[in-house]
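As structure tokens, the structure follows; a few thoughts come after it.
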Amino acid sequence: MEDDLRNILYIFALQNAVKHSSLPKPGTVIGMVMGKYPEFRSRAREASVLMDEVLSQVATLSSVEREDQLRILAPDVADDISRPRVHIKELPRLEKAEHGVVMRFAPNPSGPLHLGHARAAVLNDAYVKRYGGKYILRIEDTDPKRIDSEAYQMVIEDISWLGITIHEVVYQSDRFDLYYRYGRELIERGGAYVCSCENEQFRQLKQKKTACPCRPLSVEENLTLFDKMLAGEFYEGEASVRVRTDLDHPDPAMRDFPAFRILHQPLHPRIDAVVYPLMNFSVSIDDHLLGVTHVIRGKDHIANTRRQRYIFDYFGWDVPVYRHYGRMGIEGVVLSTSQMRQGIVSGEYEGWDDIRLGTLRALSRRGISPDAVRQAVIDIGIGETDISFSWDNLYAQNRMIVDPVANRYFFVSHPVGLEIRDAPHQVAHALLHPNEPVRGKRILPFTGTVLLPREEIEKEPAVIRLKDLFNVIVSREDGEYVLTYAGDQLSEARDVKAPIIQWLPADCALPCVLRKQEGDVLGVCEPDVMREAGSVVQFERVGFARIDDTAGDRIVAYFTHR
């Protein structure tokens, strides 16, 4: 069948183009195919006709796209390519996990999740799936200063988008009575005391490794003071509960760190409270009561792990297995929640899904698949070395997901309308997807005038090839560009190394804005893009894009990646 011969020609053309970083000659590809498949030798004339179409298709792909196509269609052939293959990495084993694990992801509801959150969320999920057990989403909302009421729902939605399996959702604001109970018990065990020192006074004493005057108070006196705190008899900053540690500890941050504080403003959106547990105390209580066996988090929490061990030791509880991964630098997007919120309020950003932000919502709007995010995180792993997040790896993962399903269309940026002299009226039939002819073709009628990308014309090539149409000679008359029909044969365009460019009929192109992180690109696209709302397409020779809005006076697309 013709399709079989065409597909084989396409694979061999890709192989040659990738190996030599250039477009192959037709005879070279046909010779390779006939040598490998002698049954096609009787169809040499047919192969010569098909080669024009095949090489035209290969010419539209970037070097990365050629490699990815080859990996999809012929992975064994792609093994010989010098470019490292994207492959699935396996996470290292966890100690004491043979009988299952209980793990938790514990974000603050201060805003939606971003790429930094995704690392902890995905790694924990991967280990729960590997060993079996339970995955807890714990919303750590014990600091009213860091709560955005809308974030409660956004966090749940982002977790769902990531495809993470959660077995139980816990809100720390529902557990304050538990924290008070264990706070009282910690005082009874001699592990904590109520401190009424001013912050600066305590800081100076701590630096000198000197006990504050509140430390020697009896258990009974401390319990009375704690009850007064809960009854609202202290103003903010007048009293706190501190965990009794080692005053000679070499790290001042370890010395008698706080477990509870008093806050009157801002008000908590879910509960009426004035005494708030601090993170190290509430986390320790919850990790024990919820049966958490393993904790995976960044190494910026190493000091917190040491603090939390004091609390575990006072209660005589088993300590979870901790793994701390290195810091992950993420360039090119905004990650600070406060900075994002400020930008949204000022109008600098459209919202939490503005593509200049590092939120999962922004990635989704651009057309990044959650599967690609998960695999990129797994590839990073849980090593202790600080790293930089690889956008190239994320894009490679995403490209493998979207390339087989994304329909192809033309997008013409900054279009210039030009008539083509002496050109017969024709209809271009372009495949919706080069590897799946059954999807059908796009119909692009040429009736005399075309829209071309301004940047391509301003390069002033002598000859151009309008993809899937014909060749054109480019000249100047009185300072104006003039295009003249130069035949249909692709081989003639290839002989003079004519660029193959996208185009659109002037009478049926639709206005389209392609939104990139660095700014909008105005242009036009094919009318059939209207059917792709919410889908990722490939604008040929431009890149992948997610079609966001087709309801207005122009189509809005968000650039995904090349």
Problem - Enumeration of residues in the stretch 469-491 that are in contact with a Lys or Arg (Cβ under 9 Å, 6 or more places away or on another chain) and within 12 Å of ASP52 (Cα to Cα) - result: LEU490
Problem - Long-range neighbours under 7 Å by Cβ, at least six apart or interchain, first residue more than 17 Å from TYR235 (Cα to Cα) and at pLDDT 95 or above within the stretch 267-280, second surrounded by fewer than 19 Cβ atoms within 10 Å (Cβ to Cβ) and hydroxyl-bearing (Ser, Thr, Tyr) - result: PRO269/SER149
Completion exercise
Filtering the stretch 450-484 for residues that are farther than 24 Å from LEU510 by Cβ and outside any strand (DSSP E or B) leaves a count of 6
Completion exercise
Scanning the stretch 403-421 for residues that are under 14 Å from VAL474 (Cβ atoms) and out of contact with any helix residue (DSSP H, G or I) (no Cβ under 7 Å at 6 or more places or on another chain), the one surrounded by the most Cβ atoms within 10 Å (Cβ to Cβ) turns out to be ILE420
Problem - Residue list for the stretch 550-562, filter: among the charged types (D, E, K, R) and either touching a Pro at 6+ places or on another chain (Cβ under 6 Å) or at pLDDT 95 or above (or both) - result: ARG554
Practice task
Within the stretch 284-300, identify whether any single residue is in contact with a helix residue (DSSP H, G or I) (Cβ under 8 Å, 6 or more places away or on another chain), surrounded by fewer than 19 Cβ atoms within 10 Å (Cβ to Cβ) and under 27 Å from GLU150 (Cα atoms), and answer yes or no.
Solution key: yes
Problem - Enumeration of residues in the stretch 227-252 that are in contact (Cβ under 8 Å) with a residue 40 or more places away in the chain, of a type outside the set (A, V, I, L, M, F, W, C) and in a helix (DSSP H, G or I) - result: PRO252
Problem - Any hit, the stretch 527-550, residues being in contact with a His (Cβ under 8 Å, 6 or more places away or on another chain) and not assigned by TED's automatic domain parsing to the domain that holds ASP354 - result: yes
Practice task
Please name all residue pairs, on different chains or six or more residues apart, with Cβ atoms under 6 Å, provided the first residue is in the stretch 38-66 and is closer than 27 Å to HIS561 by Cβ and the second residue is of a type outside the set (A, V, I, L, M).
Solution key: VAL54/TYR10; GLN57/PRO434; THR60/GLU540; THR60/ARG541; SER62/ARG562
Handout entry: Residue that is among the aromatic types (Phe, Trp, Tyr), assigned to a helix (DSSP H, G or I) and modelled with pLDDT of 95 or more, where the choices are TYR179, TYR193
Key = TYR179
Completion exercise
All conditions in (1) modelled with pLDDT of 95 or more; (2) of a type in the set (Gly, Ala, Ser); (3) in the same structural domain as LEU432 (by TED's automatic domain parsing) are true of ALA486 except (3)
Fill in the blank from the handout: Restricted to the stretch 485-531 and to residues being in a loop (DSSP other than H, G, I, E, B) and free of Cβ contacts under 8 Å to residues at least 40 places away in the same chain, the residue nearest to GLU460 (Cα to Cα) is ALA498
Handout entry: Residues of the stretch 9-39 satisfying the condition of being more than 28 Å from GLY487 (Cβ to Cβ) and assigned to a helix (DSSP H, G or I)
Key = ILE11, GLN15, VAL18, LYS19, GLY35, LYS36, PRO38, GLU39
Completion exercise
When restricted to PRO112, PRO92, the only residue more than 20 Å from the chain's Cα centre (by Cα) and either without any contact (Cβ under 8 Å) to a residue 12 or more places away in the chain or in a loop (DSSP other than H, G, I, E, B) (or both) is PRO92
Exercise for the section: Could you tell me whether ASP371 is touching a strand residue (DSSP E or B) at 6+ places or on another chain (Cβ under 8 Å), outside the structural domain of PRO511 (by TED's automatic domain parsing), at pLDDT 95 or above and surrounded by fewer than 19 Cβ atoms within 10 Å (Cβ to Cβ)? Expected result: no
Fill in the blank from the handout: The condition of being among the polar types (S, T, N, Q), in contact with a Pro (Cβ under 9 Å, 6 or more places away or on another chain) and over 14 Å from PHE411 (Cα atoms) holds, among SER535, SER491, only for SER491
Exercise for the section: Examine the stretch 126-149 for a residue that is free of Cβ contacts under 8 Å to residues at least 40 places away in the same chain, part of a strand (DSSP E or B) and either crowded, with 22+ Cβ neighbours inside 10 Å or assigned by TED's automatic domain parsing to the domain that holds ILE378 (or both), and state whether such a residue exists. Expected result: yes
Exercise for the section: Within the stretch 438-454, track down each residue that is surrounded by fewer than 20 Cβ atoms within 10 Å (Cβ to Cβ), more than 25 Å from VAL49 (Cβ to Cβ) and either small (Gly, Ala, Ser) or at pLDDT 95 or above (or both). Expected result: GLY448, THR449, ARG454
Problem - SER21 modelled with pLDDT of 80 or more and among the hydroxyl-bearing types (Ser, Thr, Tyr) - result: no
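The values are calculated or read from the model by the stated rules, or taken from the named source; none is laboratory data. Treat the numbers as computed from the prediction; the structure is a model and nothing was measured. Please note: Cβ atoms are built from the backbone with ideal geometry, for glycine as well, and neighbour counts cover all protein chains shown.
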